[in-house]
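Scroll down for the structure; my scribbles are underneath it.
The values are calculated or read from the model by the stated rules, or taken from the named source; none is laboratory data. These numbers come from a predicted model, not from an experiment. Reconstructed Cβ throughout: ideal geometry from the backbone, glycine too, with neighbour counts over all protein chains shown. We work out accessible area using only protein heavy atoms, side chains counted, and drop any ligands, DNA or RNA first. Shrake-Rupley method; radii C 1.70, N 1.55, O 1.52, S 1.80 Å.
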Amino acid sequence: MGKLADLGTVGMVGALLAAGMTGCGQPDADPAAGPTLPPEYLPRTGSPTASASATQSSGSGVTYRLPPSLCSVTDVSPLLDVFPRDGGKAVADSSGICATSRSSATMAVNLMVDSELLPNAEAGRRYLDTGRRLAKSTPTDIAGVGSGAFWTGDQREVKLVAYDGNLVLTVTCSTIDRNHQLPSGMPERLGRVAAGTFARLAS
């Protein structure tokens, strides 16, 4: 379901999240402002880039197929130490999207995983490179996630886009309360969500 026009916004799914939860993620910052995360939010690996040439691989060669329920294969284990509580029934759950929520004792977040099946790995690489160029705030590459990945965001919303083989996953985590801030290290956590989901789908 994920489209390039939706890379900087929650898009159509925002209506679903608004219907099932109070609040939604904030849009990316103005490009001129650059990344708005403080240093502790930055990933330890990867570096800022706006160039399509940063993607070195055309993918793993895996040809993915999606199950009827994307939520059933989404790997949320990297979030359990900061958001251990499941928000209950998903707002949306199909082969293309999983939209749900998680919480801790002090805050709740929206979690969305959007999938896009493409013809081949080269199409996945082009999708990622185009998304990087069109990002509304400065994208930051993150290593070790599929065949390529980058993230954008701020203290209230982090969005990670990754591809492997013919599959693109967009993982977004946003605070429900505008006064809350996401824990540090969210780009890396979302990277592990994507990597674990790729692994489950490839098995």
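Quick test for you: out of 115, 101, 137, 95, pick the one residue that is crowded, with 17+ Cβ neighbours inside 10 Å, part of a loop (DSSP other than H, G, I, E, B) and small (Gly, Ala, Ser). It would help to see each step written out before you state the result.
Details: 115 fails: part of a loop (DSSP other than H, G, I, E, B); 101 fails: part of a loop (DSSP other than H, G, I, E, B); 95 fails: crowded, with 17+ Cβ neighbours inside 10 Å.
Step by step, each of 115, 101, 137, 95 is checked, and only 137 is crowded, with 17+ Cβ neighbours inside 10 Å, part of a loop (DSSP other than H, G, I, E, B) and small (Gly, Ala, Ser).
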Residue by residue through the range 184-203, note down the ones that are modelled with pLDDT under 95 and not in a helix (DSSP H, G or I). 184, 203
For residue 145, are the conditions met, namely being open to solvent by 40 Å² or more (accessible area, probe 1.4 Å), touching a helix residue (DSSP H, G or I) at 6+ places or on another chain (Cβ under 6 Å) and assigned to a loop (DSSP other than H, G, I, E, B)? no
When both residues are 6+ apart or on different chains and their Cβ atoms are under 8 Å apart, which pairs have a first residue that lies in the range 113-134 and is in contact (Cβ under 8 Å) with a residue 60 or more places away in the chain, and a second that is of a type in the set (Phe, Trp, Tyr) and open to solvent by less than 20 Å² (accessible area, probe 1.4 Å)? 121/163; 124/163; 125/163; 127/163; 128/150; 128/163; 131/150; 132/150
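Quick one: how many residues across the range 148-165 are assigned to a loop (DSSP other than H, G, I, E, B) and open to solvent by 10 Å² or more (accessible area, probe 1.4 Å)? Let's see the steps before the verdict.
The initial filter retains those residues of the range 148-165 that are assigned to a loop (DSSP other than H, G, I, E, B), namely 154-156, 165.
From the residues that got through so far, the ones that are open to solvent by 10 Å² or more (accessible area, probe 1.4 Å) too are 154-156.
Summing the residues that are assigned to a loop (DSSP other than H, G, I, E, B) and open to solvent by 10 Å² or more (accessible area, probe 1.4 Å) in the range 148-165 gives 3.
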Evaluate the range 192-202: report whether one residue or more is under 23 Å from residue 62 (Cβ atoms), aromatic (Phe, Trp, Tyr) and under 14 Å from the mean Cα position of the chain (by Cα). yes
Checking residue 186 against (1) of a type in the set (A, V, I, L, M); (2) touching a residue at least 60 places away in the same chain (Cβ under 8 Å); (3) closer than 22 Å to residue 66 by Cα, which test does it fail? (3)
From the residues in the range 169-197 that are in contact with a Gly (Cβ under 6 Å, 6 or more places away or on another chain) and open to solvent by 10 Å² or more (accessible area, probe 1.4 Å), which one is farthest from residue 76 (Cα to Cα)? 176
Can you confirm whether the range 67-88 contains a residue that is open to solvent by 20 Å² or more (accessible area, probe 1.4 Å), basic (Lys, Arg), assigned to a loop (DSSP other than H, G, I, E, B) and farther than 16 Å from residue 199 by Cα? no
